[in-house]
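Quick notes on the structure that follows.
Values in this text are rule-based calculations from the coordinates and carry no lab data. In this text, all values refer to a predicted model and were calculated from it rather than measured experimentally. Reconstructed Cβ throughout: ideal geometry from the backbone, glycine too, with neighbour counts over all protein chains shown.
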Amino acid sequence: MEIKTPLAQSFYVSSEAGIFATSIDLYFYTKDPSQSITIQLRPLEMGVPSTIVYPDSEVTLYPSQVNTSETSAVPTTFTFPSPVYLTGKTYHSVVLICNSAEYKVWVSRVGEIDAENYSSTNSRKVLVSTQPNSGSLFLSQSGSTWTANQYDDLKYTLYKANFNTSEEGTINFYNSDLDGISNTIKLLENPLEFNSRQIRVGLSKTVTDSNLKFGNTVIQSITNATGDFVGYGGSAFGNLKLIDDGEAYENGYYSNIPLISLTGSGKNATVNLTIGNGVVVSSGATISSGGVGYKVGDLLTINPPGTNKLGRNIKLSVSNIAGHTYCV
């Protein structure tokens, strides 16, 4: 079949997980002595090949790289620059593009004799009685409007990658050269935050040694593990100080609402809240569970309570803590 105009063949990927296509074999009867030929992998949309081309799926071969055969026995391999992922349980297509009527590819046509056995005796000839797969051959004048041919299918072999999952692999990343405005973006002020490689460990019980100062080194006698004293915190209790009463919250009384730390390292405290007219009622925020690691003045907020999860900007601060626990 001539491919002066775009030609496409659809195919179905039956694997649930999809495949990574590595190459495809096509079979040519004739070729142009000077014009190249290009193939692409594309998704199928509304039953016809899309204009979208899968990344790394376009391959162009020159005439010297194209094999021809009068019996459709010799393949021409198009190898993709990298494996092309094709989603499973989905139809895809291979599209052939060239500017010459000299390229002709082998197709399978229902009711005709297989060309590989055409010269054989009648007893050895093979008749094409069914289509070899569930796809269709498409013809196009423009590359965007396609007509399906219900009797022909392109002869091809699609190859997929088989991955060795029993061994570890290595991947390398690199930054491309900066070539001006096209791939450089000006960052906002202080866009990066770095944390030193350290952990903070809570001591196993409340420590009341008034002589312990910031920077002191604490040594565990049994293991000789050491750490530097960096701060302390405790369990919050009592009423929280109202910094911002918020807006647009659902009215009601809410118990055991988790507190979110905006400053400090405290965690796991909860609060009982009374909300009226969309805001926190004065003195209406009381600690129900004190959590650990809080300091007086730590700033806290909540996710909106209630059925509709409405409201924003409540800000509370810790007024009282108990059971100071030193951390290293």
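Structure summary
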item: Under the Karplus curve 6.51 cos²θ - 1.76 cosθ + 1.60, θ = phi - 60°, whole-Hz ³J(HN,Hα) for region 6-23, x wherever Gly or Pro sits; result: x, 10, 9, 10, 8, 8, 10, 9, 7, 5, 4, 7, x, 9, 10, 6, 10, 6
item: Difference of contour (0.36 nm per residue) and Cα-Cα distance, residue 60 to residue 228; result: 54.1 nm
item: FRET E, pair residue 189, residue 281, Förster distance 25 Å, beta-carbon r, rounded to 0.05; result: 0.05
item: Packing-based order for 18-26, 261-269, using average beta carbon neighbours within 10 Å, highest first; result: 18-26, 261-269
item: Cut-off under 5 Å, modelled amide H: who pairs with residue 250 long-range; result: 310
item: In order through region 74-84: 3J(HN,Hα) via Karplus (6.51 cos²θ - 1.76 cosθ + 1.60), integer Hz, x for Gly, Pro; result: 10, x, 10, 9, 9, 9, 6, x, 8, x, 9
item: Cβ-defined net charge surrounding residue 78, 13 Å radius [Lys, Arg +1; Asp, Glu -1]; result: -3
item: Values of log10 I(q)/I(0), in the order q = 0.20 Å⁻¹, for region 233-327 under a Debye, Cα-only, solvent-free model; result: -0.84
item: Using θ = phi - 60° and Karplus 6.51 cos²θ - 1.76 cosθ + 1.60, couplings along region 285-300 (whole Hz; Gly, Pro as x); result: 10, 10, 4, 9, 9, x, x, 9, x, 8, 10, 4, x, 4, 8, 10
item: Pairwise FRET efficiency - residue 262 versus residue 89, Cβ, R0 = 56 Å, nearest 0.05; result: 0.75
